[in-house]
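See structure below.
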Amino acid sequence: MRGVFLSLEGGEGAGKSTQAKRLAEALEARGVHVVLTREPGGTEGAEAIRGLLMQGAVNRWSAHSETLLFAAARADHVEKLIRPAVEAGSWVLCDRYVDSTRAYQGAQHIDDAAILALHGFGSKGLLPDRTLVLDLPDGAGHARSIARDGGAADRFGARGPDFHAAVAAQFRRIAEAEPDRVRLIDASGSMDDVTTSLMDALADLLP
Ligand code: TYD
């Protein structure tokens with residue numbers, strides 16, 4: 001039996017990586033086998049591309065080059081890890097996926113239709129069965145991530161608050177346009193509350 005493909009999305013400082021682990025544990029407790037993975041990365045080749053993307057000066061890559069690198073990393077990840085695991089019956093939980101490209105590179109004026117066309121070519125257009133977007137009021141997440149990382153941000157965290165507000169707006173637009181697949185989750189509550197909201201948004205998929 002086919003498994004389920006989930007992605008978890010959101011801006012910086014929304015607690016996404018912590019929630020990914022908590023959600024994986026909550027799903028395992030319901031008896032499903034979970035493969036937790038992340039983007040950019042997840043396979044050897046995609047992790048090598050991650051190094052290129054995350055390190056260096058903010059202007060190391062143009063928005064166009066960056067979009068291609070994310071799509072290349074994703075193609076490898078889908079082919080070698082995500083698709084085989086879902087076909088083998090696992091639940092794959094991916095920390096960021098194509099909606100991150102639509103939000104982050106979209107916020108740099110890369111056309112959404114072009115991103116989806118590249119996704120069609122690289123990853124045969126594979127979309128998650130459900131995408132959960134952790135949403136915080138504008139500014140709150142960026143402030144949290146600066147407090148956490150002490151200013152030692154990567155190429156993306158190093159951008160200003162206007163960029164992060166544009167990213168959050170892109171995620172909200174995607175959620176509004178694709179309500180069956182994409183659910184906005186309020187990330188401002190306690191860790192337990194957020195995990196409960198994530199599980200509630202998967203109720204119809206659970207065994
Ligand atoms: P990561 O350290 O995984 O950050 P986070 O904890 O916020 O998930 O870094 C991933 C960064 O790459 C993050 O700033 C978002 C960015 N990104 C894109 O710009 N486009 C993409 O397609 C993906 C997957 C990530």
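Some observations on this one:
The rows are residues; the columns are (1) touching a residue at least 24 places away in the same chain (Cβ under 8 Å); (2) in a loop (DSSP other than H, G, I, E, B); (3) under 15 Å from the mean Cα position of the chain (by Cα).
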site: 143; (1), (2), (3): yes, no, no
site: 156; (1), (2), (3): yes, yes, yes
site: 180; (1), (2), (3): no, yes, no
site: 184; (1), (2), (3): yes, no, yes
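- Of all residue pairs spaced 6 or more apart or on separate chains, those with beta-carbon atoms under 8 Å, a first member in the range 76-98 that is open to solvent by less than 10 Å² (accessible area, probe 1.4 Å) and a second member that is of a type in the set (S, T, N, Q) and assigned to a loop (DSSP other than H, G, I, E, B) are 77/43.
- Selected residue [in contact with a helix residue (DSSP H, G or I) (Cβ under 8 Å, 6 or more places away or on another chain) and away from the ligand (no atom under 13 Å from the Cβ)] from 81, 126: 126
- Test: residue 174 is part of a helix (DSSP H, G or I) and open to solvent by less than 30 Å² (accessible area, probe 1.4 Å): yes
- Of residues in the range 17-39 being open to solvent by 20 Å² or more (accessible area, probe 1.4 Å) and assigned to a helix (DSSP H, G or I), the one nearest to residue 171 (Cα to Cα): 17
- For the range 40-52, taking the residues that are touching a residue at least 24 places away in the same chain (Cβ under 8 Å) and out of contact with any Phe, Trp or Tyr (no Cβ under 7 Å at 6 or more places or on another chain), the one that is surrounded by the most Cβ atoms within 10 Å (Cβ to Cβ) is identified as 42.
- Scan of the range 159-200 for residues that are of a type in the set (A, V, I, L, M) and touching a strand residue (DSSP E or B) at 6+ places or on another chain (Cβ under 6 Å), ordered by number: 174, 175, 182, 184, 185, 187, 198
- Single residue of the range 52-105 satisfying the filter (hydroxyl-bearing (Ser, Thr, Tyr) and under 21 Å from residue 205 (Cβ atoms)) that is nearest to the chain's Cα centre (by Cα): 97
The values are calculated or read from the model by the stated rules, or taken from the named source; none is laboratory data. Treat the numbers as computed from the prediction; the structure is a model and nothing was measured. Cβ sites come from the backbone with ideal geometry, for glycine too, and all protein chains shown count toward neighbours. Each accessible area value is taken on the protein alone, full model and side chains, heavy atoms only, with ligands, DNA and RNA left out. Shrake-Rupley method; radii C 1.70, N 1.55, O 1.52, S 1.80 Å.
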